Structures are given as structure tokens and as C-alpha cells.
Amino acid sequence: MIGSYFKTSRRSLVRNKLFSFINIIGLAVSMSVGLLVIAIVTDLRSYDDFHEKKDRLYRVVTTYQPAGQSPMKMASTSVKIGNMMRKNVAGVEDVTVLRTGFSGDATVGETTLPLDAMWADASFFKVFNFPMLDGDPTTALKEPYSLVLTEKTAKKLFGDVNPVGKTVRFDTLQYKVTGLLKDVPKLSHIKFSALISFATADIKFGKGDPNFYNWNNIWQNYVYLVLPKNTNPQTLQANLDNLNRQENAKLEHVTMNVSLQPLKEIALGPKHSNQIGPTTEPLIAWVLIGLAFIIILSACFNYTNLSIARSLRRSREVGIRKVIGALKGHVLGQFMAESVMVALLALVFSFALFLVLRNQFTALDPHISDIFSLELAPELMLYFVTLAVIVGLLAGFFPALFFSRINAIQVIKDVSVLKVFKRVTMRKVLIVIQYTFSLIFIATTLIGYSQYRGFLTFDLGYNTENILNIKLQGNKGSLLAKELAQIPEIRGISKSLMITSLGSAHGTNIKYKDPNDSTMVWLNMVDEQYLPLHKHKLLAGSNFRLRPKQGEESEIIVNQQVLKRFNIAKQNPEKALGEIVTVDGKKLDIVGVLKDFHYGTMENKIEPVMFRYTAEPDFGYVNVGITSTDLPATMAKIEDAWQKIDKVHPLEAKFYDDQIEEAYSQFSVMIKIVGFVAFLAICIAFLGLLGMVVFTTETRLKEIGIRKVLGASEEGLIYLLSKGFLGLLLLAAIIALPATYLFFDQFVLTNFAYHQPIGLSELLMCVLIVMLPACLLIGWQTIKAARKNPANVLKSE
């Protein structure tokens with residue numbers, strides 16, 4: 001019986017080549033997206049699976065809330081909580097503390113390599129299972145100045161020589177290599193090239209920094225713990241809540257609460273600041289799954305529509321089957337088997353498309369290839385086949401149900417008694433739904449792209465054009481500035497701690513007259529050339545007048561929001577000059593008031609910002625204004641200038657406008673993904689429309705012939721045949737466009753403090769993109785039918 005199902009299905013596919021082609025290609029294209037999403041979600045769910053204790057592993061995270069401000073969820077926490085959990089909290093099997101921020105030049109013989117590493121304590125290898133090739137994991141990170149290298153890093157420093165037992169020099173200090181690790185797996189949320197014993201950090205920071213072990217020193221430390229088997233984490237959380245209450249009682253103007261986050265919810269889990277590896281919010285995964293489902297559903301609609309449309313041709317086949325003994329279940333099995341067979345054939349094509357899509361997806365953004373492996377594991381292949389079977393069953397369910405209910409005797413006697421037009425309404429509904437989704441995707445892409453371009457061209461309140469930001473990488477900004485000043489194409493040079501408007505932030509508390517009233521204010525440490533180079537507008541006062549030495553500081557420049565927050569001089573910029581504010585315990589004189597500008601990205605409102613004049617060690621970047629007609633030649637000169645002060649680190653320089661574009665790269669990637677889905681959706685919808693138009697015109701050929709004989713014009717016939725389809729497309733537009741507008745206006749754009757208004761042009765362009773090709777497709781088929789010779793069509797009557 002099963003063999004008969006597939007033999008009949010094969011004959012049906014061969015006999016109806018056009019419809020079979022539309023169904024197979026439509027399902028193949030849609031399933032290729034499904035395969036990609038399966039691979040992505042499988043990777044996200046596979047993060048950190050190589051740790052033996054993954055189901056009992058937790059990270060301690062912090063909710064940080066300054067007084068009067070919104071809480072911030074931080075992946076980092078304090079060293080103190082790690083020590084307290086190790087000593088004072090019952091029900092913990094093991095605890096390890098990590099710290100980021102180690103960087104320096106590693107030197108071995110004549111080889112010098114810039115190295116970024118993490119500090120990790122002696123329990124690191126008890127908690128995690130990063131495979132060690134050589135060395136004792138129980139003691140590798142116990143002693144100060146111990147160093148564990150990954151294979152890749154060791155090869156760069158030592159070549160093919162085993163590094164264990166050898167030394168690496170950082171500045172004047174010698175570090176002993178105590179372990180060699182396999183390279184960190186790609187699907188690990190913790191990324192590092194080397195580990196330094198935490199005992200080294202204790203010596204470097206613990207003795208010289210009184211805040212190192214404070215409860216609120218949470219910015220660079222990470223605590224992980226292992227719970228004993230069959231332990232309820234809620235029990236431990238109750239102990240943590242007690243610690244929260246005790247420690248918060250000692251803090252002023254801030255509240256901090258620590259909690260547990262399961263290891264398996266880090267890579268695919270809620271968003272936290274200060275992450276140490278790649279993470280993805282579950283909403284993004286669900287959006288991708290939803291997009292893939294809609295695309296697959298669209299192809300299934302095509303299958304359903306075309307199958308039911310062909311019901312007149314296949315009804316006698318079903319009637320004969322029933323007469324010779326086929327039961328309702330047999331007919332169901334026949335058509336379900338046929339749809340599964342089509343889906344499996346489509347899987348072959350979709351797999352080839354998946355391989356292409358995989359490469360295109362990883363090329364969307366440089367970070368994507370670091371996050372996903374998308375390797376073809378046996379488990380993944382099983383998921384692919386399962387998807388094909390599910391899609392086949394989904395696509396074939398309604399056609400199978402329809403054919404199984406056919407009355408065999410009546411159909412064999414007179415096929416015209418088949419009440420197929422009962423399903424006409426359902427077919428119309430499916431077409432409207434299909435094109436509604438297509439229009440929503442296209443409108444989303446056009447509106448999203450318009451907003452994206454608006455973000456890139458938005459007036460930030462200062463100049464970014466032709467400014468090159470060079471990362472100092474530990475070098476002295478004054479030395480580089482001296483070399484760059486010799487290049488004629490450079491029109492200005494300044495120095496700054498950070499680059500604003502890219503999403504990164506640095507802040508501190510500021511007070512005015514009331515010692516109990518403080519607020520967090522964003523800041524940047526700059527020199528006296530920064531404001532002129534970036535063309536910040538001074539509403540009152542002047543640029544910095546004094547050049548402070550290290551540790552000395554007396555002046556500050558603020559924006560209008562600082563005046564507004566404390567009502568300084570009743571927000572009058574001129575009268576605010578000379579007012580004193582307290583920052584980090586220092587009394588600073590307001591010497592300038594700037595017009596408000598954007599410190600953060602478009603998600604954030606303009607907030608209080610201050611500029612402080614800093615001495616040499618606090619600079620992170622040199623900002624260079626360039627006027628050049630030969631940019632490659634100018635960049636070559638800048639490269640030469642860099643080489644004169646640093647022969648170890650490669651030049652890291654990016655134009656400000658390019659950095660702003662990178663700051664919105666996730667938005668750009670999402671637009672590309674939705675745009676790609678929109679392209680696939682509309683292609684599948686056009687395939688389905690082609691099939692329906694072909695079938696409709698074929699079944700109405702005799703009607704067309706009679707109408708032509710009676711004097712109907714070609715234009716009238718085209719209108720007659722196409723008006724139904726165009727009406728459905730217009731209905732889809734009436735549903736889709738308002739829905740998309742409301743979605744953006746009420747949900748998406750509310751997340752951005754500054755955005756472009758949704759223009760009518762994007763919505764009209766969306767309709768044109770769909771209607772114009774649809775009209776051409778419908779017109780092409782109806783003209784063919786209308787131009788046929790009535791004598792040839794009606795000669796058999």
C-alpha cells in the first residue's frame with residue numbers, strides 16, 4: 001500500500017510538471033530558511049555543553065540601581081561576593097572568580113605579542129572543563145605570576161616548543177607558564193587567549209586599591225559557582241537575599257542585589273551589561289523562528305491552494321480508489337504521502353540553498369562568524385529531515401482532508417457535482433494572508449532602512465566628518481600627536497578617553513550645593529583641542545584654560561542638561577559660569593556650557609554630560625581631522641607615524657562615521673535578514689500566484705472562447721480574469737500597511753528616543769513592489785489566454 005502511495009505520487013508529480021515545480025521550489029526555498037534557523041538555534045542551545053557540571057553551574061549577576069535611576073542588569077559582580085560564598089555561604093560545592101582587563105605585551109626571546117588575558121583563581125578548572133593538554137589543572141593557577149596559554153597563543157610565542165615550565169615577560173615581570181589548554185571552543189560564552197592566576201591580581205590591586213574588595217566594585221569581576229546535586233537554587237538565593245540586605249545597608253545612593261543565573265541561560269538569555277562573551281536574547285531567536293515559520297507557511301499555502309484547485313482533475317482518481325475499496329484513511333495516507341514526498345524532494349534543493357545561505361549569513365557581520373559554528377552534525381541532519389516531514393504533513397493536511405471526503409459514486413457519475421467552490425473562500429483567504437505577510441515584510445524592510453539611514457545622518461550636535469580615531473593601545477598620546485603633526489593633510493589633533501555616540505559610556509557622580517543630592521553624569525576626558533576639532537557649540541564661557549598636571553584639576557565643561565538637573569543659575573548658561581560642582585571629591589569650576597549633544601545612541605535621550613581636562617595617562621584615543629585628496633597616501637603616512645612609536649601593535653584607526661555605522665550594525669543586520677525574508681516571501685507568493693493564474697485561465701479557456709465569439713475585447717477579458725486577483729492583493733495591502741505602521745509607531749520606534757517619522761513614500765513603495773510584478777504576471781497569463789483562437793478552444797464541443 002505504501003509503495004502504491006509513492007508510485008501514484010510520482011506519476012502525479014510528473015504529469016503536473018508546472019505545479020510540481022512551483023511546490024518543490026517554493027518548499028525548498030522556504031525550508032532553506034528553516035534549516036538555517038534550526039542551525040542557529042541549535043548552536044545557541046549548545047553553548048557551554050562541554051562542561052561536565054553544566055546543569056549545576058550558575059553565574060552570580062548583579063542588579064545595580066543608583067538612587068532615582070533605572071536598574072541596570074550586570075553580568076559582572078564583586079570579588080567580595082565570591083569570597084563570601086566560598087567562606088560563609090552553605091550549600092555551594094565550588095566557587096571561582098574571574099577578572100577581565102589584563103593586557104600587555106608578552107615577550108619571549110625576540111618575539112613580542114600583544115596579549116589580552118583574564119585573571120582566574122585556583123578553582124577555575126574545578127568549575128569549568130576547558131581541556132588541558134599539559135600541566136596540572138589543580139595547581140596551574142595557584143601561585144602568583146602563573147600563566148596558562150591556549151594552543152594558538154602558545155604557538156605564536158613559542159612555535160612548536162612545549163611552553164609549560166618556560167617564562168613569559170610582561171614589562172619587567174616574569175610569568176611562568178604552568179599549563180597549556182586546547183583553544184577555547186567556539187560555543188563557549190567565556191573567551192580568552194590566556195589565563196593569569198588571580199593571586200597576581202591580589203598583589204597588583206588588592207594591596208594598592210582599598211576599593212578592590214568592596215561590595216560595589218562590580219565592573220570587571222565575574223563569579224561562577226557549582227551547586228551540589230539535587231540542590232534547589234532557590235534555597236541559595238534566600239541566603240544571597242540576606243547578604244543583599246546586609247551590604248546595601250552600608251551603601252549610599254545606590255542599591256545592589258546579586259542573584260543566580262544558570263549557565264545554560266547565559267548565551268541564550270536575558271540581556272546583561274558587561275558580558276564577557278557572545279550572548280543572544282531569546283526574543284531574537286523567537287523572531288527568527290517566527291520568520292522561518294511564516295515563510296514555510298507561505299509555501300504550504302501554495303501547496304494547499306494548488307492542490308485544491310486541481311481537485312477537479314484528481315477527483316475521479318479518488319472516486320475510483322474508493323470504489324475498489326479504499327477507505328477514508330487510505331485516501332488521507334495517499335495525499336499525505338504525496339506531500340511528504342514533495343517535501344523530501346524539496347529538502348535536497350533546500351540543503352544546497354542552506355549551504356549558500358550559511359555563508360551569506362556569517363558574512364552579514366564580522367561578529368556572527370565568532371558566535372556561530374553552523375557545523376553539520378548528525379543531530380542537525382536529523383532535525384533537517386524531521387523538518388521536511390513536518391512541512392510535508394502540514395502542507396498536505398488540508399488537501400488530504402478535502403479529497404478524503406469526496407463522494408465516490410457521485411463524482412464518477414458527474415464530476416460537476418464536486419462542490420469545490422466551497423473551498424474558494426478558503427483559497428482567497430490563504431492568498432490574502434500570504435500577500436499580507438509579504439507586504440508586512442517589505443514595509444518593515446523599507447521603514448527599517450529609512451530609520452537606519454536616519455540614525456547615521458542624524459545631527460549629533462557636533463562634527464564627525466573626516467575625523468579618524470586612533471586607539472592608543474597604551475602608548476602616549478603626546479608622542480603620537482607630535483609625529484602626526486608633521487603630516488600636511490592633518491588639520492587638527494585632539495585626545496580623548498573614549499569615543500562618544502557609539503553606545504559605550506563612562507560616568508561618575510556629581511553634586512552641586514546639596515551634599516545629599518547627587519546624580520550620575522556621563523563624561524569624557526579630553527584635552528583643549530577636542531572641542532574645536534569636533535566643533536562643539538559653546539553657549540557660554542570658553543574652552544579649558546589650564547593644563548593640569550597629573551592629579552590636579554580645577555575646571556569642567558558641562559552641557560545644558562547638567563544645568564537643568566540641578567537648576568544651576570536657573571539654567572542660564574552665562575550665569576552658570578563660575579559655579580562650583582563636586583566630582584569625585586574635587587571642587588571644579590564650570591568654565592563653559594555646551595549646547596546639548598548626543599553622548600549615547602538614538603535609543604537614549606540627551607542626558608547630563610561633562611568634559612574634564614585630563615593628564616596624559618587617561619587618554620585612550622587620538623582624534624585626527626583629515627583634509628586629503630589622496631586618502632590611501634595619507635593613511636600610509638599615518639601608518640608610518642604609528643610605526644615610529646609602536647612596532648608591536650598594529651595601527652587601530654577608524655573614521656568616526658564608520659564607527660557610528662558599526663554602532664548600529666545589529667540594526668543593519670536585522671534589516672538585511674528581514675529584507676531577505678521579504679524577498680523570499682514575495683518570490684514564494686508570486687510562484688503561488690502564477691500557479692493559481694495558470695490554473696484559472698486553463699479552466700476558463702472555453703468561457704473565454706465563447707466570450708470572444710460573442711464580441712468580447714481582449715482588454716475586457718484581461719480585466720475579467722485579473723480583477724479577482726488584484727482585488728485580493730489590494731485587500732492584503734489594506735490590512736498589511738496600517739498594521740505595519742501601528743507596529744512601528746506603537747512598539748518598535750518607542751524604543752528610540754530620536755527617530756524619523758514614518759513616511760507615506762515607504763508605504764506606497766511597498767505597494768508598488770508587490771502590485772507591479774503581480775500585474776505583469778497576471779497580465780502575461782491572461783493575455784496568452786485571451787489571444788487564443790476560439791475555434792481551436794471550442795472545436796471539441
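Each value in this text was obtained by applying a stated rule to the coordinates, not by laboratory testing. Predicted model, so just to flag it, every value in this text is computed and none were measured. Cβ atoms come from the backbone with ideal geometry, glycine included; neighbour counts cover every protein chain shown.
Taking the alpha-carbon centroid of each part, what is the distance from region 233-263 to region 622-670 in angstrom?
If we compute the Cα centre of each part, the gap is 44 Å.
Considering only region 538-645, what is the antiparallel percent among its DSSP beta bridges, to the nearest 5?
In region 538-645, approximately 65 percent of DSSP beta bridges are antiparallel ones.
May I ask you to evaluate 6.51 cos²θ - 1.76 cosθ + 1.60, the Karplus curve with θ = phi - 60°, for each residue of region 117-124 and list the ³J(HN,Hα) values in order in whole Hz, giving x for glycine and proline?
Whole-Hz 3J(HN,Hα) from phi for region 117-124: 9, 10, 7, 9, 7, 5, 8, 3.
Please give, to one decimal in nm, the separation of the simple spin-label points placed at Ala377 and Asp618, each 7 Å out from Cα toward the Cβ.
About 4.8 nm separates the two model spin labels.
Of all DSSP beta bridges located in the chain, what percent are antiparallel, nearest 5?
If we restrict to bridges inside the chain, about 80 percent are antiparallel.
Past 21 Å, Cα to Cα, is the threshold; run Lys80/Lys586; Lys152/Lys637; Lys702/Lys723; Lys176/Lys644; Lys152/Lys471; Lys204/Lys250 against it and keep the listed order.
Cα-Cα > 21 Å for Lys80/Lys586; Lys152/Lys637; Lys176/Lys644; Lys152/Lys471; Lys204/Lys250; rest within.
To the nearest 500 deg cm²/dmol, what mean residue ellipticity at 222 nm is calculated for the chain from DSSP H runs of n ≥ 4 alone, each contributing -39,500 (n - 2.57), summed and divided by the residues? Don't jump to the answer; show the numbers that get you there.
Details: 25 runs with 385 residues, N = 797.
Computed mean residue ellipticity for the chain: -16000 deg cm²/dmol.
By counting other Cβ atoms within 10 Å of each Cβ, how are Arg612, Arg59, Arg86 ranked from fewest to most?
Arg86, Arg612, Arg59
Mind jotting down the distance between the C-alpha centroids of region 194-220 and region 481-550, whole Å?
29 Å
List every residue whose amide H lies under 5 Å from the amide H of Phe102, counting only residues 5 or more places away in sequence or on a different chain, with H placed 1.01 Å from N in the peptide plane.
Sorted by chain and number, the residues that satisfy this are Ala117, Trp119.
5 Å is the cut-off here: which amide hydrogens, built 1.01 Å from N in the peptide plane, fall below it relative to Tyr599, excluding neighbours closer than 5 in sequence?
It is Glu607, by chain and number.
Provide the convex hull volume over Cα atoms per residue for region 54-265, in Å³. List each step's numbers first, then the result.
On the way: hull volume 27.9 nm³, N = 212.
For region 54-265, the hull spanned by Cα atoms encloses 132 Å³ per residue.
Step through the residues of region 369-380 one at a time and calculate ³J(HN,Hα) from phi using the Karplus curve (6.51 cos²θ - 1.76 cosθ + 1.60, θ = phi - 60°), rounding each to whole Hz and writing x for Gly and Pro.
These are the phi-based 3J(HN,Hα) values: 5, 7, 8, 10, 9, 6, 7, 8, 7, x, 4, 5 Hz.
Calculate one ³J(HN,Hα) per residue across region 442-458 by plugging θ = phi - 60° into the Karplus curve 6.51 cos²θ - 1.76 cosθ + 1.60, and present them in order as whole Hz with x for glycine and proline.
Listing the rounded values in order: 5, 4, 4, 5, 5, 5, x, 5, 4, 5, 4, 4, x, 4, 6, 9, 5 Hz.
If you place +1 on the Cβ of every Lys and Arg, -1 on the Cβ of every Asp and Glu, and leave all else neutral, what size is the dipole of region 664-723 about its Cα centre, to the nearest 20 Debye?
60 debye
If R0 is 45 Å, what FRET efficiency do you get for Arg169 and Ser554 from their C-beta distance, rounded to 0.05? Could you put the intermediate results ahead of the total?
Working: r = 40 Å, r/R0 = 0.90.
Efficiency for this residue pair is about 0.65.
Neighbouring Cβ atoms within 10 Å as the yardstick, rank Leu468, Leu546 fewest first. Don't skip to the end; give the middle numbers.
Working: Leu468 21, Leu546 13.
In order of increasing Cβ crowding within 10 Å: Leu546, Leu468.
Taking the convex hull of the alpha carbon atoms in region 467-663, what volume per residue do you get, in Å³?
Working: hull volume 23.8 nm³, N = 197.
It comes to 121 Å³ per residue, whole-number rounded.
If amide H atoms are built 1.01 Å from N in the plane of the peptide, which residues on other chains or at least 5 residues away come under 5 Å of the amide H of Gly91?
Those qualifying (amide H under 5 Å, at least 5 residues apart or on another chain) number zero.
Any idea what angle helix 311-323 forms with the longest principal axis of the chain, computed on alpha-carbon atoms, 0 to 90 degrees, nearest 10?
With rounding to tens, the tilt is 70 degrees.
Roughly speaking, what is the stretch gain from Leu539 to Leu764, that is 0.36 nm per residue apart minus the C-alpha to C-alpha distance, in nm to one decimal?
Going from the current span to full extension adds 76.7 nm.
Among Lys176, Lys564, what is the fewest-to-most ranking by other Cβ atoms within 10 Å?
Ascending Cβ contact count within 10 Å gives the list Lys564, Lys176.
Placing +1 at every Lys and Arg Cβ and -1 at every Asp and Glu Cβ, with all other atoms neutral, what dipole size does the chain have around its Cα centre, in debye to the nearest 20?
On the way: 84 positive and 68 negative charges, 842 e Å.
My answer is approximately 4040 debye.
Using the crude model of +1 on Lys and Arg Cβ and -1 on Asp and Glu Cβ, and no other charge, please compute the dipole size for region 467-663 relative to its Cα centre, in debye to 20.
Value, rounded to 20: 600 debye.
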